[in-house]
Amino acid sequence: MASAAVSKAKPTETFIDNKRKDDIRMANIAAAQAVADAVRTSLGPKGMDKMISTASGEVIITNDGATILNKMEVLQPAAKFLVELSKSQDVVAGDGTTTVVVIAGALLKASLTLLNAGIHPTVVSDSLHKASIKAVEVLSAMAVPVELSDRDSLVKSASTSLNSKVVSQYSTLLAPLAVDAVLSVVDPEKPDLVDLKDIKIVKKLGGTVDDTESVNGLVFDKKVSHAAGGPTRVENAKIAVIQFQISPPKTDIEQSIVVSDYSQMDRILKEERNYILGMIKKIKATGCNVLLIQKSILRDAVTDLSLHYLAKAKILVIKDIERDEIEFITKTLNCLPISNIEHFRSEKLGYADLVEEVPLGDGGKIVKITGIKDMGRTTSVLVRGSNHLVLDEAERSLHDALCVVRCLVNKKFLIAGGGAPEIELSRQLGAWAKVLHGMEGYCVKAFAEALEVIPYTLAENAGLNPIAIVTELRNRHAQGEINSGINVRKGQITNILEENVVQPLLVSTSAITLAAECVRMILKIDDIVTVR
C-alpha cells in the first residue's frame, strides 16, 4: 500500500518496475523444480518407490512418474505444467515419464542460471528450441534400426522398461508376454499403428504375478450366473451379446396396479411367464447357447424366473457386462451386439469351441472363451497378484511395457539406455555450442551440461559416486564409445548395448522435445493474473 501511495504522490515519475515479473518467473521455476525433485529419486532400476496415500485412505505404491504426479495435489499453476508434461509423455511414448520431468527440472535450473546472468528469457527460450531440434538429430544418428520379426530385441527393450518397476523380478515373464500381445494385434494393413485398446488387461486378486498369462480369446473376471443351476461349460458355443433385458417390461411412468382378486394376480404372473418364455424360445431357435448380457440401469437385466428358464434351455448366462467392454467383446468374437429381441438372428452370433468357468486355486472363478472362430485381432491378459498394491503396479508396469513395444512398431529404431544417449547429447551439443555465435552458444552450452542430470541421477540412486561415474562416462564418450552407459547392477561403466539395456528412439526424442517445450512455456510467462 505504501508504494502505491508514493506513486500517486509523484505523477511525473516514469520508472517501470520489472522486479515483480522476475519474481514471478523465479517463483514458477522454483515450484516446477520442486515437483521435478520429488520424482527424481524414483528414476532408473535402482530408483526408490513412492507410497501415495489418497484422501479416501487408499494407498498406492509406484515409481511410475505419471502415476505419482497424477495423484499429487499440485496447486501452483506452473508446477501443474510438469504434471501435464508427464501425462503427455505417457500418451506419446508410455514410458520415460520420470525421465521427462527430471530433464525439464534440469533445463529449468540451467535457465535460472542464465536468467540470473542477465540474458533475456526470449533468447534463452529460442536457444533451447534450437538445442532440442539438434538433440533429436543426434539421437536419430545414434539409433539402431530394428525389425519386428526380431523378437529378441523387442523383448530386451520391454524388459529394460520393466527393470525400473516394482515388479522387476518378473520381467522375464512379463516382457515376452507384452511383446506377443502387441504383435498379435498388429493389423497387416496398417503395420505402423497399434491400438492398445485391443489388449484387455483383466486383474484378478490371488496367486502371484508368476501366474499372469496371456489368453488367446476372452476372459471375464465374473462368475457364470448359478442362480438356477444352469450349465457352466459349453462346447461348440454360439454366443450372443445382448443389450436388452430378459425381464417383464415396466411402464415409462410411475404407476401402481391395484389387484383386487387372486385370478388377476395369476393372470399377471402368467403373462410374465409367457413373455419371458416367448423371448427364450426366440433365443433358443437360433441355436444360441451362451448369453452375455449387458448391465442395465432401467430395470433388472434378468430376473430369477428368466434365469430359471434359461437354465432349463441349457443356456449359459454371464450377466453384468459393462457398457464399455461391449465393443472389445464384439470385435473379439466377430459378432454384432443385439439390441432388441426382434433382431435376434443366427448371423449375429459369435462362435467358439469352448466357454467354461475356470476355478482359480483360491476360491475365485473366471470365465474363459477359447477357440473363437474368425477371431478379431485382440488379446486378453490375465494379471494375478497377491494384494491390490502389487496387482495395480503390475498392471501399470505391463502397460508401460506394452507402450514400449508399441513405440517400436511406430518407429522401428532402438538406442542404448543407461544414460548413454544423454551423455552423448551433452558432448555433441557442447561441441556444437562452440560453433554458435553470441548468447546462443552460451545458452546451448548450459543446456548441454544440464542433460548430464540423467546419468548423474542414475548413479546417485544406485548408491555409486555420481561425480566419478559421470566424469568417467564423459571420458569414454570423448574416446568415441558412444554406447557406453552406467551398468547399475555391476556399478561400473560398460557398453550398454551388449548388456541388452535398450529403449525405443521415440521415448528419448519425445522426452527431450516435450521437456524443452514445457520449459520454454514456463520461461515465457512473466505474470500470473488471478481472476475471481
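The values are calculated or read from the model by the stated rules, or taken from the named source; none is laboratory data. The model shown is predicted, which means the values in this text are computed figures rather than measured ones. We place every Cβ from the backbone using ideal geometry, glycine too, and count neighbours over all the protein chains shown. Heads up: the accessible areas ignore ligands, DNA and RNA and are worked out on the full protein's heavy atoms, side chains in. Shrake-Rupley method; radii C 1.70, N 1.55, O 1.52, S 1.80 Å.
Please return the ranges of strands (runs of 3 or more DSSP E) entirely within the range 476-532 where 2 or more residues are surrounded by 24 or more Cβ atoms within 10 Å (Cβ to Cβ) and touching a residue at least 24 places away in the same chain (Cβ under 8 Å). Walk me through it before giving the result.
Values: elements: 484-487, 492-495, 502-504.
Output list reads 484-487, 502-504.
Against the test of being crowded, with 18+ Cβ neighbours inside 10 Å, more than 22 Å from Lys197 (Cβ to Cβ) and either of a type outside the set (Lys, Arg) or at pLDDT below 90 (or both), the options Ile369, Ile338 yield a single qualifying residue, Ile338.
State all residues of the range 291-307 that are surrounded by fewer than 16 Cβ atoms within 10 Å (Cβ to Cβ) and touching a residue at least 24 places away in the same chain (Cβ under 8 Å); if no residue qualifies, say none.
Filtering the range 291-307 down to residues surrounded by fewer than 16 Cβ atoms within 10 Å (Cβ to Cβ) leaves 295, 297-300, 304.
Residues satisfying the conditions are Lys295, Leu298, Arg299, Asp300, Asp304.
Among the candidates Val144, Val167, Val155, Val185, which residue alone is under 30 Å from Ala34 (Cβ atoms) and β-branched (Val, Ile, Thr)? Give the derivation first.
Working: Val144 fails: under 30 Å from Ala34 (Cβ atoms); Val155 fails: under 30 Å from Ala34 (Cβ atoms); Val185 fails: under 30 Å from Ala34 (Cβ atoms).
Being under 30 Å from Ala34 (Cβ atoms) and β-branched (Val, Ile, Thr) holds for just one of Val144, Val167, Val155, Val185, which is Val167.
Listed by first and then second residue, the pairs with beta-carbon distance under 6 Å, at least 6 apart or on different chains, first residue in the range 79-91 and on the phi < 0 side of the Ramachandran plot, second crowded, with 22+ Cβ neighbours inside 10 Å and hydroxyl-bearing (Ser, Thr, Tyr), are Ser86/Thr97; Gln89/Thr97; Asp90/Thr97. Considering only residues of the range 245-259 that are closer than 23 Å to Lys284 by Cα and part of a loop (DSSP other than H, G, I, E, B), which is nearest to the chain's Cα centre (by Cα)? My answer is Gln245.
Quick one: is Glu137 assigned to a loop (DSSP other than H, G, I, E, B), over 22 Å from the mean Cα position of the chain (by Cα) and not basic (Lys, Arg)? No.
The residue list Lys156, Lys134, Lys130, Lys109 contains one member that is under 30 Å from Lys190 (Cβ atoms) and among the charged types (D, E, K, R), which is Lys156.
Residues are listed down the side, and each one gets a yes or a no for (1) modelled with pLDDT under 90; (2) within 20 Å of the chain's Cα centre (by Cα); (3) open to solvent by less than 90 Å² (accessible area, probe 1.4 Å):
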{"position": "Ala2", "(1), (2), (3)": "yes, no, yes"}
{"position": "Glu13", "(1), (2), (3)": "yes, no, no"}
{"position": "Lys19", "(1), (2), (3)": "yes, no, no"}
{"position": "Arg25", "(1), (2), (3)": "yes, no, yes"}
{"position": "Ile29", "(1), (2), (3)": "no, no, yes"}
{"position": "Ala34", "(1), (2), (3)": "no, no, yes"}
{"position": "Pro45", "(1), (2), (3)": "yes, yes, yes"}
{"position": "Asp49", "(1), (2), (3)": "yes, yes, yes"}
{"position": "Ala55", "(1), (2), (3)": "yes, no, no"}
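Within the range 62-106, the set of residues being within 16 Å of the chain's Cα centre (by Cα) and open to solvent by 50 Å² or more (accessible area, probe 1.4 Å) comprises Asn70, Lys71, Glu84, Lys87, Val91, Val92.
Output the helices (runs of 4 or more DSSP H) that fall wholly within the range 387-468 and possess 3 or more residues being surrounded by fewer than 20 Cβ atoms within 10 Å (Cβ to Cβ), or say none. Outline the logic, then answer.
Values: elements: 388-410, 420-435, 438-450, 453-461.
Once the helices (runs of 4 or more DSSP H) in the range 387-468 are filtered for at least 3 residues that are surrounded by fewer than 20 Cβ atoms within 10 Å (Cβ to Cβ), what remains is 388-410, 420-435, 438-450.
Residues that are in contact with a helix residue (DSSP H, G or I) (Cβ under 6 Å, 6 or more places away or on another chain) number at least 3 in the following strands (runs of 3 or more DSSP E) confined to the range 140-244: 199-205. A single member of Ile366, Ile415 is over 24 Å from the mean Cα position of the chain (by Cα), in contact (Cβ under 8 Å) with a residue 12 or more places away in the chain and closer than 30 Å to Arg151 by Cβ, and it is Ile366.
Scanning the range 131-144 for residues that are open to solvent by 50 Å² or more (accessible area, probe 1.4 Å) and over 12 Å from Ile512 (Cα atoms) yields Ser140, Ala141, Val144.
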